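Trainee: Quick one: this structure, given as structure tokens, is what I'll be asking you about.
The values are calculated or read from the model by the stated rules, or taken from the named source; none is laboratory data. Bear in mind that the values here come from a model prediction, so they are computed numbers and not experimental data. All Cβ positions, glycine included, derive from the backbone under ideal geometry; neighbour counts span all protein chains shown. The area values use the complete protein model at the heavy-atom level, side chains included, leaving out ligands, DNA and RNA. Shrake-Rupley method; radii C 1.70, N 1.55, O 1.52, S 1.80 Å.
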Amino acid sequence: MRRILLSAIKILISAALLYFSLRKVNLYDLAARLNVESVGWIALAIAVLFLQIFIGVLRWREISSECGAPIEVRQGMRFNLIGTFFNQTLPSSIGGDAVRLWLVARAGAGWRAATYSIFVDRAIGLIALAIVIVASLPWSYHLITDPAGRSALLLVDFAALAAGVGFLLLGVLPFPWLKTWWATHHIHACAVIANRVIFSRKHGPKIAILSLLVHVLAVVIAWCVVQSIAAPVSFSQVFQLMPPVMLITMLPISIAGWGVREATMGLAFGYAGLMATEGVNMSLLFGAVSFLVGIFGGLVWIFSPEKAAQGEAPIEVPK
């Protein structure tokens with residue numbers, strides 16, 4: 001019942017936000033703007049998304065090795081594609097991260113190591129995204145002249161940055177109870193791993209470069225869909241507006257970010273003095289590209305050995 005209720009709430013939120021976002025959007029006009037050239041741009045966006053998933057696998061591999069859950073590149077790519085399917089296509093409270101966790105644990109790592117690898121990977125991705133937004137603030141402030149938009153940008157970004165810094169600090173605080181208290185034991189362990197990965201000479205530079213690439217490629221995907229409908233938006237504008245929207249879309253309150261992404265993108269474009277409808281159009285096509293890749297991930301899941309053997313072997317937690 002709890003899962004059904006959470007799924008129903010997410011569906012309602014997505015539907016409500018999509019309704020309010022699409023009220024002023026002419027979907028027939030959007031469809032009319034898609035032509036043969038658009039297909040090439042959409043195909044390029046799909047290819048870039050596959051590349052982004054692969055880059056994410058390389059980062060996850062660096063992190064998981066420190067968590068006691070080593071994965072091969074091919075295995076990680078398969079797991080990430082399957083996770084994309086569950087993120088994009090199912091109205092479920094499970095989500096792609098939970099499925100990836102299950103797959104890694106089933107592969108022999110156990111629940112603890114699998115959970116740590118997913119959690120630390122997500123945390124580092126969030127910190128990297130917040131840093132990208134902070135670094136682009138001088139240009140974003142020049143683009144967004146609306147006071148409310150500037151305040152919202154600062155609030156969201158520094159809240160995410162504060163959460164990331166607080167998480168890392170948790171791993172270096174010299175309080176023994178952090179390691180033993182049930183409420184902080186696992187979070188502290190993840191923070192220790194995150195610090196070891198980020199600030200090590202072996203993993204740190206790789207993690208930084210891969211994290212930056214993941215977010216830059218998301219902007220490239222958005223730029224491709226902008227080009228597919230010949231929207232009057234420059235690459236620099238997409239680069240400044242897309243990361244904050246990605247940050248807000250990470251909130252787990254809708255299905256695959258649908259509704260939240262469209263509403264936020266429309267507001268961001270409006271605050272930047274651009275046409276809000278173009279922001280919604282870009283967001284819809286961005287979601288469509290993710291959905292198509294998610295379908296491919298579904299095929300990977302259908303024919304995967306993990307699905308064929310699901311539930312057969314017990315998952316042990318290594319001591």
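Trainee: Residue pairs, Cβ under 7 Å, 6 or more apart or interchain, first in the range 41-62 and without any contact (Cβ under 8 Å) to a residue 40 or more places away in the chain, second open to solvent by less than 20 Å² (accessible area, probe 1.4 Å) and among the small types (Gly, Ala, Ser). List them.
Mentor: From the range 41-62, the pairs are 57/76; 61/76.
Trainee: May I ask you to list pairs of residues, at least six apart or on different chains, whose Cβ atoms are under 8 Å apart, with the first in the range 166-194 being in contact (Cβ under 8 Å) with a residue 12 or more places away in the chain and the second being acidic (Asp, Glu) and assigned to a helix (DSSP H, G or I)?
Mentor: 193/66
Trainee: Residue 231 - would you say it is open to solvent by less than 20 Å² (accessible area, probe 1.4 Å), on the phi < 0 side of the Ramachandran plot and of a type in the set (A, V, I, L, M, F, W, C)?
Mentor: yes
Trainee: Restricting to helices (runs of 4 or more DSSP H) lying wholly in the range 206-319: which have 3 or more residues that are within 23 Å of residue 32 (Cα to Cα)?
Mentor: Here the list reads 260-271, 276-302.
Trainee: Could you grab the pairs with beta carbons closer than 9 Å, sequence gap of 6+ or different chains, first residue in the range 238-260 and under 16 Å from residue 130 (Cβ atoms), second one among the basic types (Lys, Arg) and open to solvent by 10 Å² or more (accessible area, probe 1.4 Å)?
Mentor: Filtered contacts from the range 238-260: 245/261; 246/261; 248/261; 249/261; 250/122.
Trainee: Now, a different point. Of the residues 292, 274, 299, 267, which is among the aliphatic types (A, V, I, L, M), open to solvent by 40 Å² or more (accessible area, probe 1.4 Å) and modelled with pLDDT under 90?
Mentor: Only one candidate passes the filter, namely 267.
Trainee: Out of 168, 126, which single residue is open to solvent by less than 60 Å² (accessible area, probe 1.4 Å) and in contact with a Leu (Cβ under 9 Å, 6 or more places away or on another chain)?
Mentor: Exactly one residue qualifies, and that residue is 126.
Trainee: Which number in (1) part of a helix (DSSP H, G or I); (2) modelled with pLDDT of 90 or more; (3) in contact with a helix residue (DSSP H, G or I) (Cβ under 8 Å, 6 or more places away or on another chain); (4) hydrophobic (A, V, I, L, M, F, W, C) marks the one condition that residue 172 misses?
Mentor: Every listed condition holds for residue 172 apart from (1).
Trainee: Kindly evaluate residue 138 against the criterion of being over 21 Å from the mean Cα position of the chain (by Cα), open to solvent by 20 Å² or more (accessible area, probe 1.4 Å) and closer than 22 Å to residue 208 by Cα.
Mentor: Yes.
Trainee: Under 9 Å between Cβ atoms, at least 6 apart or on separate chains: pull out the pairs that start in the range 303-315 with a residue that is open to solvent by 40 Å² or more (accessible area, probe 1.4 Å) and end on any residue that is at pLDDT below 55.
Mentor: none
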